[in-house]
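Below: the structure, in C-alpha cells.
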Amino acid sequence: MVRKERSRDDSAVAGPAKIIGRVAGGVGGIVLATVAVTLLVIALGNVTGAWRIGVAVLMGLGIAKLGIGYFTYLTNPPPPDLPPMKVDPELRLSYVCEMCGLELAVVAVAKERPPKHCGEAMVLVKREG
C-alpha cells in the first residue's frame, strides 16, 4: 500500500466553520453514546461495576480524542503570507474608496483581496497615462 504525502495548502487549513463542525460532531457523538448507554442500562436493569468501568473508559477516550484534536489544530500555525509582488509602474494601478474618494497607488501587492476603507472594500482601477 502506497501512502500519499499530504501537502499543506490553503484548502487544507480549517476555517471556523470546519472547526465548529468537528466540535459539534464530536459532542454529538458523545451525546449519542451516552443515550445508547443509558438505554442499555435501562434495558438490562442492574449493571455491574465492570460495565460501568468499560463505559467510563470508552467515554474518556472519546473526550480525550476530541480534546487532543482541538489542541492539535490550535498549535498548527497558519501558512505564511505570500511575499509581496512588484507591480509594473507603467500600469498605474490604484485602489479607490467609493465612499470618500481616497486613492491608494499600488506599488506592491501582498494579498489578492483589496484593502478596506470606510468599512467597504476599495475598488481597483487603472489610470491612463
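We did not get these values from a lab; they are worked out from the coordinates using the rules stated. This structure is a prediction, so every number in the text was calculated from the model and none was measured. When we count neighbours, we look across all protein chains shown, and the Cβ atoms used for this are built from the backbone with ideal geometry, even at glycine.
Between ILE68 and VAL107, the distance separating the two model label sites (each 7 Å from Cα on the Cα→Cβ line) works out to 5.1 nm. Axis angle, to the nearest 10 degrees, between helix 49-75 and the longest C-alpha principal axis of the chain: 10 degrees.
Springs between Cα atoms under 10 Å define the GNM used for the chain, and in it the highest mean-square fluctuation of ARG22, ARG52, ARG113 occurs at ARG113.
May I ask for log10 I(q)/I(0) of region 13-75 at q = 0.25 Å⁻¹, from a Debye sum over the Cα atoms as equal point scatterers with solvent left out? Scattering profile of region 13-75, log10 relative to I(0): -1.04.
Candidate values (i) 7.6; (ii) 15.4; (iii) 9.1 were compared with mean projected area of the Cα convex hull in nm² computed on the shown model; the agreeing label is (ii). Distant-in-sequence amide contacts of VAL106, defined by a placed amide H-H separation under 5 Å and a gap of 5 or more residues or a different chain, comprise LEU93, SER94, TYR95. Taking the Cα centre of the chain as the origin, how large is its charge dipole in debye, to the nearest 20, when only Lys and Arg (+1) and Asp and Glu (-1) carry charge on their Cβ atoms? Dipole magnitude for the chain comes out near 640 debye.
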